[in-house]
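Visitor: Input: one structure, supplied below.
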Amino acid sequence: MTSTSGTSDSLAYTDGNALAGPLADLFAVDITRASTSCVGCGGESAVAELHLYTAGPGFVARCPHCHDPVLRYVRTPSTAILDLRGTVRLEAPLAL
Ligand SMILES: [Zn+2]
């Protein structure tokens, strides 16, 4: 669905359903091969290199350089929650 503010076409937006196609590209790849940039120290790491803690109700992946949380993932029976506040950028190679 597209909405507008009524004041300018530049403020028009589309709801998040339009991300289904583009994000399917991202999450269809092997996410462990993606690289991250840590908010805490700026260090670059592959997701596979993050230090993963699994004792909590979900997963917490921490930077191998400064130990700040880079991403958190919680899955319930009906919902998956991915928190990326600890990463500046997540860059995944696409299968071509
Ligand atoms: Zn870091």
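No value in this document is a laboratory result; all are computed from the given coordinates. Treat the numbers as computed from the prediction; the structure is a model and nothing was measured. When we count neighbours, we look across all protein chains shown, and the Cβ atoms used for this are built from the backbone with ideal geometry, even at glycine.
Visitor: Mean-square fluctuation check for the chain, GNM, Cα pairs under 10 Å: which of Gly42, Gly58, Gly16 is largest?
Guide: Looking only at Gly42, Gly58, Gly16, the biggest GNM fluctuation is shown by Gly16.
Visitor: Would you compute, for the Cα atoms of the chain, the largest minus smallest coordinate along each principal axis and list the three values in descending order, in whole Å?
Guide: 47, 33, 31
Visitor: When only Cα pairs under 8 Å and 6 or more residues apart are kept, what is the percent relative contact order across region 22-95?
Guide: 33 percent
Visitor: Under a crude label model (7 Å from the Cα following the beta-carbon direction), how far is Arg75 from Ala12 in nanometres?
Guide: Placing both labels 7 Å beyond Cα along the Cβ direction yields 3.8 nm.
Visitor: First measure r as the distance between the Cβ atoms of Thr54 and Leu23, then evaluate 1/(1 + (r/R0)^6) with R0 = 22 Å and state the FRET efficiency to the nearest 0.05.
Guide: For R0 = 22 Å, the calculated efficiency reads 0.35.
Visitor: Per-residue ellipticity at 222 nm for the chain, helices alone: DSSP H runs ≥ 4 residues times -39500 (n - 2.57), over residue total, nearest 500 deg cm²/dmol?
Guide: Only helices count here, giving -2000 deg cm²/dmol.
Visitor: Follow-up. Gaussian network model of the chain, Cα springs within a sub-10 Å range: biggest mean-square fluctuation belongs to which of Thr32, Thr14, Thr76?
Guide: In this elastic network of the chain, the residue with the biggest mean-square fluctuation among Thr32, Thr14, Thr76 is Thr14.
Visitor: Contour minus end-to-end for Asp83 and His65, with contour as 0.36 nm per residue of separation and end-to-end as the Cα-Cα distance?
Guide: Extending this stretch completely gives an extra 4.5 nm.
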